[in-house]
Amino acid sequence: MNFIDTHSHLYSTKFDNDREQVVKDAIKSGISKILLPNISSSYTQKMLNLCNLFPNNCFPMMGLHPCEVKADSYDTELKHVEHELETKKYIAVGETGIDLYWDKSTIKLQKECFIFHIKLAKKYKIPIVIHVRESFDHVIEIIEDLNDDNLCGVFHCFSGNVEEANRIINLNNFYLGIGGVLTFKNSTLKNTIEKVDIKHLILETDAPYLSPTPFRGKRNESKYLVSIAEHLAQTMNLSIEEIAKHTTNNAKKLFSL
């Protein structure tokens, strides 16, 4: 079986002591490709170094995480994003979006930055990877307003209801990113995913965050994607082989892998 982890921060300091081994463990577990969304300019070089070390397995994205949108630095950060996309090859724009869990005061700036990222994704005809936390209505309204044939992407770490899933699906070129939340005991995501076709789903870990059951409380790793896939198989009443086949094909299609 072959899986793709479509969202993993393996360049994080959490992996400074064993980063190469973590990638090798993932590959050994059947995770053939790991996609790395950027957070800010301070992480770019570490991310690119990892991709250079594993050129057939690790692939970079370029963006500014909404939690990193600060009034005194966002302009410089966006120039960095733009320059990187102009001068290097990235498989997607991201991670971007709106996060109202940590800081609601920057919502205006977050929206401006999000729209900036959307325009870059259209310009370079690559997918956009969207962070949504307590901000679904804001995010989906912006995407619906700007959506066209040049825009595609994924709602990273989807955890919403059926209505929200259908609004994403109705965009036509967007996927739901399914991660560790699906495996949580009290998660209602299972009820949503039971009503969604596998053709709309891709898998992700968001490592080092959101470790799936039975690894909750531990640092998340790309190899734990298999546990997420197993839970998805149970939820959708499909075999693990079918989950691997469909989610891998979906990821290849979205990210042109």
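Rule-based calculations on the coordinates, nothing more; no lab input. Quantities reported herein were computed from a predicted structural model and do not represent experimental measurements. Glycine gets a Cβ as well: all are built from the backbone with ideal geometry, and neighbour counts include every protein chain shown.
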Condition met for LEU35 (touching a residue at least 60 places away in the same chain (Cβ under 8 Å), out of contact with any Leu (no Cβ under 7 Å at 6 or more places or on another chain) and closer than 25 Å to CYS113 by Cα): yes
Assigned to a loop (DSSP other than H, G, I, E, B), within 23 Å of PRO66 (Cα to Cα) and in contact with a Leu (Cβ under 7 Å, 6 or more places away or on another chain) - does that describe any residue in the range 184-204? no
Out of LYS28, LYS33, LYS70, which single residue is within 28 Å of LEU109 (Cβ to Cβ) and of a type in the set (D, E, K, R)? LYS70
Looking at HIS138, is it out of contact with any Asp or Glu (no Cβ under 8 Å at 6 or more places or on another chain) and at negative phi? yes
So, in the range 40-56, exactly how many residues are surrounded by fewer than 19 Cβ atoms within 10 Å (Cβ to Cβ) and either β-branched (Val, Ile, Thr) or touching a Lys or Arg at 6+ places or on another chain (Cβ under 7 Å) (or both)? 1
What about ALA244, is it in contact (Cβ under 8 Å) with a residue 40 or more places away in the chain, closer than 24 Å to ILE39 by Cβ and out of contact with any Cys (no Cβ under 9 Å at 6 or more places or on another chain)? no
Which members of the range 227-253 meet the condition of being touching a helix residue (DSSP H, G or I) at 6+ places or on another chain (Cβ under 8 Å), β-branched (Val, Ile, Thr) and buried (at least 18 other Cβ atoms within 10 Å of the Cβ)? ILE228, THR235, ILE243, THR247
Picking from THR205, THR183, which residue would you name as being in contact (Cβ under 8 Å) with a residue 12 or more places away in the chain and either surrounded by fewer than 21 Cβ atoms within 10 Å (Cβ to Cβ) or closer than 21 Å to GLN21 by Cβ (or both)? THR205
Residue tally, condition out of contact with any Leu (no Cβ under 8 Å at 6 or more places or on another chain), of a type in the set (Gly, Ala, Ser) and within 14 Å of HIS7 (Cβ to Cβ), over the range 53-95: 2
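A quick yes/no check of all residues on (1) among the basic types (Lys, Arg); (2) without any contact (Cβ under 8 Å) to a residue 24 or more places away in the chain; (3) in a strand (DSSP E or B):
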| residue | (1), (2), (3) |
| --- | --- |
| ASP137 | no, yes, no |
| VAL154 | no, no, yes |
| ALA165 | no, no, no |
| LEU176 | no, no, yes |
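Conditions (1) within 20 Å of THR13 (Cβ to Cβ); (2) in contact (Cβ under 8 Å) with a residue 24 or more places away in the chain; (3) within 18 Å of the chain's Cα centre (by Cα), marked per residue:
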residue: ASN49; (1), (2), (3): yes, yes, no
residue: LEU53; (1), (2), (3): yes, yes, no
residue: MET61; (1), (2), (3): yes, yes, yes
residue: LYS70; (1), (2), (3): yes, yes, no
residue: LYS79; (1), (2), (3): no, no, no
residue: GLU95; (1), (2), (3): yes, yes, yes
residue: LYS125; (1), (2), (3): no, yes, yes
For THR87, indicate whether it is more than 26 Å from LEU225 (Cβ to Cβ) and buried (at least 20 other Cβ atoms within 10 Å of the Cβ). no
Is the range 160-175 home to any residue that is surrounded by 15 or more Cβ atoms within 10 Å (Cβ to Cβ) and under 22 Å from HIS9 (Cα atoms)? yes
